[in-house]
Amino acid sequence: MKSYNWNPFSLVDSPTGSAAVVYTCGCHLSCPYCFNPELRQFNSGNFDKKQIIKKIKSLQIVPDPIVNGSEIFNTVEWLIISGGEPLDAPSNELVEIINVGAETDLRIGFFTSGYNIHQFKQIIDQTDIEYFHIDYKGLENDKETLESIEYLYERFCSRYNHMYIHINTTIMRSFHTEEKLFEMKKKLMKILYKNKNIPIFINKPDTSDRLLFWTLTPISINHQNTLTKLNYIKDGFLEEDLDFLKAIVK
């Protein structure tokens, strides 16, 4: 089944450098701010697993030793798994795809809501993923997201220099009130008990060297083609509206 889409070059999906992106097609969630609503439908991709693996292997260039020497190199630094929701894809396929990327000397990143903790653990335990981008929504059913963050954090503490954990919350003014964000922060701090001063940023971190951080990404007029046509008067943020976030960041 054709369950994947592919972007061979991106400069916005990885913590450093360039990336190729594998998009899994299918997501059981209905986030109104979803940037890739066309990927929510299952088995709606352009490529199957074998085709995606072939594309990943094609990122590695083996020059003609007579003309260019013998050094093998990749056209990008990272392989990012995104979606859709990767945890709604078959874990055995994702493990195979990720490990092919690692064997091709690509650094691996993984975008997820963390909602399927069982599958999340399966994938993590069988791969060597270096960068995690976790969508922390602040909904009532965030229990598994927090469990996934906690599981990652325990691994982070034992592999401090070999893992990025980027927790992100896309905030809508009608839902993410100051009270709601403080509640989310309290839950996060309870998990990150060994690092209570987790850096928090509005939009993006001040440096790419951060290994563990939380970003608050306001809905803005730049959010186009989302799943639900957002009401920017109700949910959007102007620069002058962001003052209340400074209390959260402290």
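The values are calculated or read from the model by the stated rules, or taken from the named source; none is laboratory data. Source: prediction; values computed, not measured. When we count neighbours, we look across all protein chains shown, and the Cβ atoms used for this are built from the backbone with ideal geometry, even at glycine.
Report yes if Tyr153 is of a type in the set (Phe, Trp, Tyr) and either under 30 Å from Lys54 (Cβ atoms) or touching a strand residue (DSSP E or B) at 6+ places or on another chain (Cβ under 6 Å) (or both), otherwise no. For Tyr153, the condition - of a type in the set (Phe, Trp, Tyr) and either under 30 Å from Lys54 (Cβ atoms) or touching a strand residue (DSSP E or B) at 6+ places or on another chain (Cβ under 6 Å) (or both) - is not met. Annotation note: Cβ proximity below 6 Å between a residue of the range 180-208 that is on the phi > 0 side of the Ramachandran plot and at pLDDT below 85 and a residue that is in a loop (DSSP other than H, G, I, E, B) and among the hydroxyl-bearing types (Ser, Thr, Tyr) (sequence gap 6+ or interchain) occurs for no pair.
Can you name every one of the strands (runs of 3 or more DSSP E) wholly within the range 57-152 that holds 1 or more residues which are surrounded by fewer than 18 Cβ atoms within 10 Å (Cβ to Cβ), modelled with pLDDT under 95 and acidic (Asp, Glu)? Give the steps one after another, and end with the answer.
Numbers: elements: 78-83, 107-112, 131-135.
Per the criteria, no element qualifies.
Given the residues His166, His176, which is the only one that is closer than 27 Å to Asp243 by Cα and out of contact with any helix residue (DSSP H, G or I) (no Cβ under 9 Å at 6 or more places or on another chain)?
When all the criteria are applied, what remains is His166.
In the condition set (1) under 24 Å from Gly138 (Cα atoms); (2) among the small types (Gly, Ala, Ser); (3) surrounded by fewer than 20 Cβ atoms within 10 Å (Cβ to Cβ), Ser14 is compliant with all but (3).
Of the residues that make up the range 136-150, is at least one touching a helix residue (DSSP H, G or I) at 6+ places or on another chain (Cβ under 7 Å), polar (S, T, N, Q) and in contact (Cβ under 8 Å) with a residue 24 or more places away in the chain? Checked the range 136-150: at least one residue is touching a helix residue (DSSP H, G or I) at 6+ places or on another chain (Cβ under 7 Å), polar (S, T, N, Q) and in contact (Cβ under 8 Å) with a residue 24 or more places away in the chain.
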